[in-house]
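Here's the structure, in structure tokens; my notes come after.
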Amino acid sequence: MKIIHNGRVVWLPADEVQSILDESEDEKKADASFKANLEKALHGASRALAEEVRVLLYLTIETLSQRVEDRTVSDSEAERLTRNLRRRFEEAEENIASLLRIDDELTALKRADPILTGYERKMAEMLRLQESGQMAEASALAKELMRDKRQYLLRGRALEPLANAAYYRRLELQKGKGRVLNVQQHLCEMRDAVVREALRRIRESLGAPDDDLLEDSTEVSVISDTDRAQSVLKYQRELKQLRLQMKTIVKTIKEIDSICNWIESEIFPDSEVKKAAAEYIKTRKEPGVAPVEEKTGEKPGRSQRMAVVFRLKEKGKLKRDTTS
């Protein structure tokens with residue numbers, strides 16, 4: 001199965017995917033996973049976060065193209081989902097471009113201020129010493145940090161509008177990821193229904209019991225028709241994969257929702273703070289995202305992310321969308 005795990009697209013055997021899902025049932029492992037992903041959402045490298053969002057979009061577009069090819073999705077539904085993904089793409093590119101600019105500006109301002117850079121360097125060193133068990137050295141640095149904290153907070157307050165703007169963009173990227181995953185879940189559910197219907201028709205043609213959907217591969221041995229037996233095996237394998245995909249998607253959506261709720265409650269506990277961050281972004285008059293050009297042949301990870309859908313349009317599988 002091809003899934004996104006730890007921010008990367010990986011191919012994993014079904015048993016390894018199941019193992020990842022089982023970890024989410026373990027409270028300690030699930031909590032550790034949430035903390036790691038929350039830290040990445042809040043403080044992870046902007047470019048790595050951007051690439052993760054772009055890859056997720058690409059995978060969803062790829063899934064949509066597959067559902068068009070196997071006729072799971074009607075023309076009207078394909079057009080609706082294409083418009084949806086186009087909006088998600090444009091929103092993501094706007095948030096990514098803005099976040100990169102804000103982070104670059106924050107980095108430049110911090111580097112220009114010796115108090116900010118010195119304090120954060122000491123903080124990182126203290127954490128490193130604590131992790132390595134050098135508690136005496138860590139304690140000495142902690143005292144220095146306490147002494148310098150007031151000045152650091154005063155200097156940091158001047159950067160607060162910019163920092164909150166960065167958190168706002170990061171929050172919007174997480175929400176966008178959740179919306180794209182909702183599309184993935186919808187596509188999986190549609191395909192699941194189609195496969196189950198195909199198995200139901202085979203069951204009826206064989207006169208099998210009503211509660212027998214032929215999901216157990218051991219049942220194939222009773223089918224004398226070779227072609228139908230192969231079809232049943234193919235659908236059984238696909239159902240198993242779809243179940244794992246849906247579980248993985250649901251798990252990821254749940255974690256993203258938790259991250260968004262944490263940011264909303266801890267970073268923006270006051271709606272006015274969040275509103276001020278959004279207004280601050282507007283006052284910066286950042287350039288918008290250029291319209292998506294209809295190019296073909298782009299590889300995943302490049303700036304052009306809608307190439308798959310555009311290729312389908314050119315083949316006549318989707319009507320040209322002029323409304324978005």
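The values are calculated or read from the model by the stated rules, or taken from the named source; none is laboratory data. What you are looking at is a predicted structure, and each value in this text was computed from that prediction instead of being measured. Ideal geometry is used to build each Cβ from the backbone, glycine not excepted, and the neighbour counts take in all protein chains shown.
General observations
- Filtered by the rule that a residue be modelled with pLDDT of 85 or more and among the basic types (K, R), the range 40-59 gives K40, R54.
- Out of A140, A165, sole residue that is in a helix (DSSP H, G or I), crowded, with 16+ Cβ neighbours inside 10 Å and among the hydrophobic types (A, V, I, L, M, F, W, C): A165
- Checklist (1) modelled with pLDDT under 90; (2) touching a Pro at 6+ places or on another chain (Cβ under 9 Å) applied to A277, failing item: (1)
- Contact map, the range 237-249: first residue free of Cβ contacts under 8 Å to residues at least 40 places away in the same chain and over 17 Å from V180 (Cα atoms), second residue in a helix (DSSP H, G or I) and of a type in the set (F, W, Y), Cβ cut-off under 7 Å, separation 6 or more or different chains; the map is empty.
- Verdict on E120 being assigned by TED's automatic domain parsing to the domain that holds C188 and of a type in the set (D, E): no
- Top-ranked residue in the range 91-117 [being small (G, A, S) and surrounded by 14 or more Cβ atoms within 10 Å (Cβ to Cβ); ranked as nearest to R54 (Cα to Cα)]: A92
- Qualifying residue in the range 28-42 (condition: among the polar types (S, T, N, Q) and more than 23 Å from N261 (Cβ to Cβ)): no
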